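Everything below concerns the one structure shown next.
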Ligand code: FO1
């Protein structure tokens, strides 16, 4: 069964590990968010692509949900001593990824090519594609300033009041090679339990991708990142409100209308099933908070069966 998953970073990593355990590696394609890509010390950092790659390679720092396990931060300390900004913590092992990516991009490689090469070198057999090779950048406008996603999320700790979210460059961006085919030829399309606004939103802001989702014959199944009126992690609630979305599985369904067919929701939200059905989305109650690997695999099975 060929499965294509739309994914952000931390929220997606667990479900992707579960899917990887259920499928032949070649049957899993991941379309990753690049809206929160950033430049640090002259290096191109693709946080969500790296989180997914590290997760599938078994190298992710699971407690943090980003960066590599067994990490050290000597280079960060040395950069601080030289007066460089250090609010975005690049670890020593993680640096190898950004150095390799930046050098390859400078030599003319596409983000798709270098993402594939990094994944292969780290032993990942699933296909990880950036949503686009062209720059798309999520910007967050608060009552105080217009910020890049990482300035808002990491530097300012998501504290400002968000008034709008933009995906700069998205309306002109073309999907990366293979993305449209992966959606069109899939047997299932999965929307991971990622932030609908800043993780999946940038992917959907690429016009040809949303057209492919509307026209694919594959059933599209999502997992709610919202449980009982609050996000499982991160600032999804405030960002959904800023976009006029209800902070509930209903808001998630609204973000993915009209192409989402099925949404896995937590048992605590089972009462919303009739309203979801009225919105055209079949609700399936499941244990969607993955607390261990068995939970990741069980939810992945549930996603594949729900379709
Ligand atoms: N998140 C943080 O909260 N603080 C950090 O210093 C930080 C550094 C970092 C370095 C590399 C990387 O790939 C991710 C990193 N993240 C950090 C996570 C990242 O900013 C966000 O979790 C994602 O962009 C949201 O999906």
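Taking segment 8-24 as the region of interest, how many residues are in contact with a helix residue (DSSP H, G or I) (Cβ under 9 Å, 6 or more places away or on another chain) and more than 10 Å from the ligand (Cβ to nearest atom)? Working first, answer last.
Our first condition is that a residue be in contact with a helix residue (DSSP H, G or I) (Cβ under 9 Å, 6 or more places away or on another chain); within segment 8-24, this holds for 8-23.
With the extra rule that they be more than 10 Å from the ligand (Cβ to nearest atom), the set shrinks to 14-23.
Here the count works out to 10.
Evaluate the following for residue 34: is it within 12 Å of the ligand (Cβ to nearest atom) and within 18 Å of residue 96 (Cβ to Cβ)?
no
Please enumerate the residues belonging to segment 54-74 that are under 14 Å from the mean Cα position of the chain (by Cα) and over 12 Å from residue 9 (Cβ atoms). Spell out the reasoning first.
Step one: of segment 54-74, the residues under 14 Å from the mean Cα position of the chain (by Cα) are 54-56, 65-66.
56, the sole residue that qualifies.
What are the residues in segment 43-64 that are assigned to a helix (DSSP H, G or I), crowded, with 24+ Cβ neighbours inside 10 Å and more than 7 Å from the ligand (Cβ to nearest atom), if any?
Result: 49, 52, 53, 54, 55, 56.
Scan (1) within 13 Å of the ligand (Cβ to nearest atom); (2) without any contact (Cβ under 8 Å) to a residue 12 or more places away in the chain for the single condition residue 108 breaks and write down its number.
Evaluating residue 108 over (1) within 13 Å of the ligand (Cβ to nearest atom); (2) without any contact (Cβ under 8 Å) to a residue 12 or more places away in the chain leaves (1) as the failure.
Would you pick out the residues in segment 236-253 that are surrounded by fewer than 20 Cβ atoms within 10 Å (Cβ to Cβ) and either within 16 Å of the ligand (Cβ to nearest atom) or part of a helix (DSSP H, G or I) (or both)? I'd like the intermediate steps shown before the answer.
Within segment 236-253, the subset surrounded by fewer than 20 Cβ atoms within 10 Å (Cβ to Cβ) is 237-238, 241-244, 246-247.
If the condition is that a residue be surrounded by fewer than 20 Cβ atoms within 10 Å (Cβ to Cβ) and either within 16 Å of the ligand (Cβ to nearest atom) or part of a helix (DSSP H, G or I) (or both), then 237, 238, 241, 242 are the ones that fit.
Residues checked against (1) part of a loop (DSSP other than H, G, I, E, B); (2) modelled with pLDDT of 95 or more:
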| residue | (1), (2) |
| --- | --- |
| 272 | no, yes |
| 276 | no, yes |
| 280 | yes, yes |
| 283 | no, yes |
| 291 | yes, no |
| 295 | no, yes |
| 299 | no, yes |
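Take segment 21-36 and flag every residue that is touching a strand residue (DSSP E or B) at 6+ places or on another chain (Cβ under 7 Å) and surrounded by fewer than 23 Cβ atoms within 10 Å (Cβ to Cβ).
23, 27, 29
Taking into account only those residues within segment 67-92 that are in contact with a helix residue (DSSP H, G or I) (Cβ under 7 Å, 6 or more places away or on another chain) and either modelled with pLDDT under 95 or part of a helix (DSSP H, G or I) (or both), which is farthest from the ligand (Cβ to nearest atom)?
74
Among the residues of segment 216-227, is there at least one that is within 15 Å of the ligand (Cβ to nearest atom) and surrounded by fewer than 22 Cβ atoms within 10 Å (Cβ to Cβ)?
Among the residues of segment 216-227, not one is within 15 Å of the ligand (Cβ to nearest atom) and surrounded by fewer than 22 Cβ atoms within 10 Å (Cβ to Cβ), which makes the answer no.
Restricting segment 93-114 to residues that are within 16 Å of residue 49 (Cβ to Cβ) and not in a helix (DSSP H, G or I), which is nearest to the chain's Cα centre (by Cα)?
For segment 93-114, the residue satisfying everything is 110.
The values are calculated or read from the model by the stated rules, or taken from the named source; none is laboratory data. In this text, all values refer to a predicted model and were calculated from it rather than measured experimentally. Neighbour counts run over all protein chains shown; Cβ positions are idealised from the backbone, glycine included.
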